[in-house]
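> My structure is below; once you've seen it, I'll send some questions.
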Amino acid sequence: MDEKRKKQRRTALIICLAVLLPMLVCGFLIWRMSHALLEPTGPYVVGKAEYHLVFENQPETFTDDPNDVRELMLTVYYPSDNAGSAKRSSYTEDLKGERLEGFPLALFSGVRTHSFYGLPVSDREENYPVVIFMHGGGSLGMLHTTTLEDLASHGYIVASIAYPYHDNVVVFPDGRKVYANEKGSPFLKVPDKFFEPGFTIEEMVDYMNAAEDESTDALATAPSLVLDELDFMNSNDSLLKGKLDLSEAGAFGHSWGGGQVAEALYLDDRFKAAINLDGIMFGNTRVSNVEKPYMYMLAENPWLPVTELDEVMMKASGDTGKYEEYIAEIDENIQRFYEHAKPGYLLLLEESTHTTFVSDGELFIGTLPNFIKKGMIGSLDPERAVETIDVYVVGFFDLYLKGKDAKLLEDLSINYPEATLNIFGGS
């Protein structure tokens, strides 16, 4: 073979490798991501069902149309016994053409869930405690699938709320798609007013508090509306009839959703206990307390990564210390609320950030090479982080909705030393 032909073959090989290698690497990463969700740890198989709720007497306050009424989508995870030939649930549902934080959701279409459509609710128990879940602003409930499936596998009926104009996107059964807006999910982007010359840090804080309270007036009542609807379903729904123990109702949520379920705990006596996953306080809970069981899960680095909004506020504050005062007040309200609950719990998860509590996001990022994921999540192993969070979620609700031994919750620290649990207000 002459030298010219050898050179041509080497060139062709290099070109093939340059094209195929990135494809193979991407394919491998997508495959790893599709198998990232952890299997449920409870004794039940998990069923999944979707509901479209319409509240004709509740105006939709996140739009300017006075004729709009409130609508919610509800994803229900529940205990069952045998998957058999049932269809495994879809991860992305009807969201394959959408994006979240710039990422096409089609990348997640092959993610393997651990819940199934069309299963009956298990008859092992007469009925099951109910737990409502709310995710963070502008996000999606599906990103918490691992945690929700795990809780259901331990004998809970878990209802995850999708709220139009607050979620990144909500898809209704008729194909309508509703996206987040500034009323429903304030501060998805920095408000234009914050860039006006002379707009002070004090004016920013007042503006933010007003916008937060306006959205909270709607969002924090959603768990109660869902309980009302579940009460109706308990007598009328073909799947859930007679299976909902609404006398044992709890709630939990992440970030913005965590603050909303704390407010729901304050507003609605039907909620016996709640968990706030690294969220701030809104509405009444900024100044008032509850005498109910309440757990706050705190990230070791809750303010990382720094958002554009924080950067704008820090710049407006300059060297006055006003931004630090604003953050300190948020932290004081968080601390006051869990310290005055009856009882209150503070769970500090080491080497974690705010996004660590988004179970699937943590697991997806954990599949990436270190040089890519560095700084995106905390240094705690992603699977260990999610496992730790989930075992405390189950333990807390087992104690307050199922009446199990309190010592079981307190003894978790033996096997999970990366989490430090402090208890306030007695039991």
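> Could you pull out the residue among Gly250, Gly242, Gly175 that is within 30 Å of Thr41 (Cβ to Cβ), out of contact with any strand residue (DSSP E or B) (no Cβ under 9 Å at 6 or more places or on another chain) and not charged (D, E, K, R)? Full working, then the answer.
On the way: Gly250 fails: out of contact with any strand residue (DSSP E or B) (no Cβ under 9 Å at 6 or more places or on another chain); Gly175 fails: within 30 Å of Thr41 (Cβ to Cβ).
When all the criteria are applied, what remains is Gly242.
> Another question about this same structure. Looking at (1) in contact (Cβ under 8 Å) with a residue 40 or more places away in the chain; (2) closer than 23 Å to Leu148 by Cα, can you tell me which one His340 breaks?
For His340, the failing item is (2).
> Could you list, in sequence order, all residues of segment 77-90 that are surrounded by 21 or more Cβ atoms within 10 Å (Cβ to Cβ) and without any contact (Cβ under 8 Å) to a residue 60 or more places away in the chain?
Ser80, Ser89
> Does segment 275-284 contain at least one residue that is modelled with pLDDT under 90 and surrounded by fewer than 18 Cβ atoms within 10 Å (Cβ to Cβ)?
Applying the first criterion (modelled with pLDDT under 90) to segment 275-284 yields none.
No, there is no match, as no residue in segment 275-284 is modelled with pLDDT under 90 and surrounded by fewer than 18 Cβ atoms within 10 Å (Cβ to Cβ).
> Here's another thing I want to ask about it. Output the number of residues of segment 98-113 satisfying the condition of being assigned to a helix (DSSP H, G or I) and farther than 16 Å from Tyr179 by Cα. It would help to see each step written out before you state the result.
Of segment 98-113, the ones assigned to a helix (DSSP H, G or I) are 105-108.
Filter once more, so that each one left must be farther than 16 Å from Tyr179 by Cα: 106-108.
Residues flagged as assigned to a helix (DSSP H, G or I) and farther than 16 Å from Tyr179 by Cα within segment 98-113 amount to 3.
> Looking only at segment 302-326, count how many residues are outside any loop (DSSP other than H, G, I, E, B) and surrounded by 15 or more Cβ atoms within 10 Å (Cβ to Cβ). Break it down stepwise before answering.
Start the filter on segment 302-326 by keeping residues that are outside any loop (DSSP other than H, G, I, E, B), which leaves 308-317, 322-326.
With the extra rule that they be surrounded by 15 or more Cβ atoms within 10 Å (Cβ to Cβ), the set shrinks to 309-310, 312-314, 316-317, 322-323, 326.
Qualifying residue count for the region: 10.
Yes or no, residue by residue, for (1) in contact (Cβ under 8 Å) with a residue 40 or more places away in the chain; (2) farther than 20 Å from Val54 by Cβ; (3) under 20 Å from the mean Cα position of the chain (by Cα); (4) crowded, with 24+ Cβ neighbours inside 10 Å:
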position	(1), (2), (3), (4)
Tyr128	yes, yes, no, yes
Phe133	yes, yes, yes, yes
Ser139	yes, yes, yes, no
Thr145	yes, yes, yes, yes
Asp150	yes, yes, yes, yes
Glu182	no, yes, yes, no
Phe195	yes, yes, no, no
Val205	yes, yes, no, no
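> Can you tell me which residue in segment 395-417 is surrounded by the fewest Cβ atoms within 10 Å (Cβ to Cβ), limited to those that are modelled with pLDDT under 95 and of a type in the set (Asp, Glu)?
Asp405
> For segment 393-427, give me each residue that is in a loop (DSSP other than H, G, I, E, B) and over 25 Å from the mean Cα position of the chain (by Cα). Outline the logic, then answer.
From segment 393-427, those in a loop (DSSP other than H, G, I, E, B) are 402-405, 411, 416-418, 425-427; that's our starting set.
Gly403, Lys404, Asp405, Asp411, Gly425, Gly426, Ser427, listed by residue number.
> Can you run down the residue pairs with Cβ atoms below 6 Å, 6 or more apart or on separate chains, where the first is in segment 48-76 and touching a residue at least 12 places away in the same chain (Cβ under 8 Å) and the partner is of a type in the set (Asp, Glu)?
Hits for this filter: Leu53/Glu229; Val54/Glu71; Glu60/Asp68; Val69/Glu56; Val69/Glu60; Arg70/Glu60; Thr75/Glu50.
> Okay, moving on. Within segment 100-115, restricting attention to residues that are over 17 Å from the mean Cα position of the chain (by Cα) and free of Cβ contacts under 8 Å to residues at least 12 places away in the same chain, which residue is surrounded by the fewest Cβ atoms within 10 Å (Cβ to Cβ)?
Top of the filtered list is Gly102.
> Restricting the search to segment 248-282, which residues are within 12 Å of the chain's Cα centre (by Cα), part of a helix (DSSP H, G or I), among the hydrophobic types (A, V, I, L, M, F, W, C) and more than 24 Å from Asn234 (Cα to Cα)?
Across segment 248-282, the qualifying residue is only Trp256.
> Which ones in segment 378-394 are buried (at least 20 other Cβ atoms within 10 Å of the Cβ) and at pLDDT 95 or above? Don't jump to the end; show me each part of the working.
Of segment 378-394, the ones buried (at least 20 other Cβ atoms within 10 Å of the Cβ) are 378, 380, 382, 385-386, 388-390, 392-394.
Across segment 378-394, the qualifying residues are Ala385, Val386, Thr388, Ile389, Asp390, Tyr392, Val393, Val394.
The values are calculated or read from the model by the stated rules, or taken from the named source; none is laboratory data. Small disclaimer: the values here were computed from a predicted structure and weren't measured. All Cβ positions, even for glycine, are placed from backbone atoms using ideal geometry, and neighbour counts span all protein chains on display.
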